[in-house]
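First the structure, in the form of structure tokens, and then the observations on it.
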């Protein structure tokens, strides 16, 4: 099919349009991020990992300041992101939590970028999930050409040939400058005194790869931030239709409720008494089945979310959804009781506190779920996600060493 020459020319002119001043300044911010990344890989993990992500957040906020301060969700996410970074920076946390926190910080920052630049409407939160995936796997690579154009714009101005040659000169000249400085420092005492002995003894290949690392990281972050800030917005998802009749989700929930009724009958003695099943120690009773309880709780909330989203509203389905949340409460009570028996017998450790903390979060989520069942405008998913972030940030802010020491000493 023959293309419209007018559209083709317009598209070509748009692609060749010079970058704006903020888009050129972003190159400096991206290079700063690359330098912070290279320093982190060479220095203390806790301090410089936090510094790297704080620099990244700072660069993004500078170029999206008005949108950031106007977005309440973004401001609410920045607070725990800063808290987690600060706590990690000063190494004020248990080693068991290091992996969670190291993943939580970049996940928060990507989410901040998405909610700042994309319009995530109520009941369209699925778009945020897809946008986060695009921000991780697509957008760092689709504006790499613009990254090179930014170099050309900075070095060569409007003359395209001069721009290209200036950029090539930078790529060749920077590592060559390092090599020549090292050689001259070794050959001349005056140069060595001026530059110090460090450059003479420097591993030239190491410095070369440092430049490469900075270049690659700045390229990826420039592409990501350019796409987020000036790129085309992600397409909205089609609205979810509430077209499930009562029979479908109703039968599933009723079958699960029958299982939970049987479970409640079996567990009644252990929930409200202080006896253990025969031939089980406190340790075995507490730990046995905890992961299964957690899996069942997640299944219940997933089923609740689906039924709230897809089921036709009605009194009958609301009653079943409420009973499902009540059953989840019984499951959580049983799991918590097991863990408390374990703690009462053997004392507190961070691996025993964390499950209890998580169960408190699920109990809060169940309460929010009840409000959502009877009040459709309750933003269940957003409240749950924000609460989880703040719940974890609060958890690592507490001096659990002191709490556990005092509790275990009282326990004897």
Are any residues in the stretch 299-340 closer than 20 Å to residue 379 by Cβ and assigned to a loop (DSSP other than H, G, I, E, B), and if so, which ones?
313
Among the candidates 364, 371, single out the residue that is over 20 Å from the mean Cα position of the chain (by Cα), closer than 21 Å to residue 257 by Cα and without any contact (Cβ under 8 Å) to a residue 12 or more places away in the chain.
371
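To keep it simple, each residue is scored yes or no on (1) modelled with pLDDT of 95 or more; (2) exposed (fewer than 14 other Cβ atoms within 10 Å of the Cβ); (3) outside any helix (DSSP H, G or I).
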site: 342; (1), (2), (3): no, no, no
site: 355; (1), (2), (3): no, no, no
site: 372; (1), (2), (3): no, no, no
site: 376; (1), (2), (3): no, yes, yes
site: 403; (1), (2), (3): no, yes, no
site: 409; (1), (2), (3): no, yes, no
Counting only residues that are assigned to a helix (DSSP H, G or I) and touching a residue at least 60 places away in the same chain (Cβ under 8 Å), which one in the stretch 61-78 is surrounded by the fewest Cβ atoms within 10 Å (Cβ to Cβ)?
76
Quick check: is even one residue across the stretch 98-117 closer than 20 Å to residue 228 by Cα, more than 13 Å from the chain's Cα centre (by Cα) and not assigned by TED's automatic domain parsing to the domain that holds residue 309?
yes
Among the numbered conditions (1) under 21 Å from residue 296 (Cα atoms); (2) in contact with a helix residue (DSSP H, G or I) (Cβ under 6 Å, 6 or more places away or on another chain); (3) at pLDDT 80 or above, tell me where residue 221 comes up short.
(1)
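To keep it simple, each residue is scored yes or no on (1) within 13 Å of residue 246 (Cα to Cα); (2) touching a strand residue (DSSP E or B) at 6+ places or on another chain (Cβ under 6 Å); (3) assigned by TED's automatic domain parsing to the domain that holds residue 125; (4) surrounded by 14 or more Cβ atoms within 10 Å (Cβ to Cβ).
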site	(1), (2), (3), (4)
300	no, no, no, yes
304	no, no, no, yes
308	yes, no, no, yes
314	yes, no, no, no
318	yes, no, no, yes
325	no, no, no, yes
328	no, no, no, yes
331	no, no, no, yes
339	no, no, no, yes
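The values are calculated or read from the model by the stated rules, or taken from the named source; none is laboratory data. Everything quoted here is computed from the prediction, not taken from an experiment. All Cβ positions, glycine included, derive from the backbone under ideal geometry; neighbour counts span all protein chains shown.
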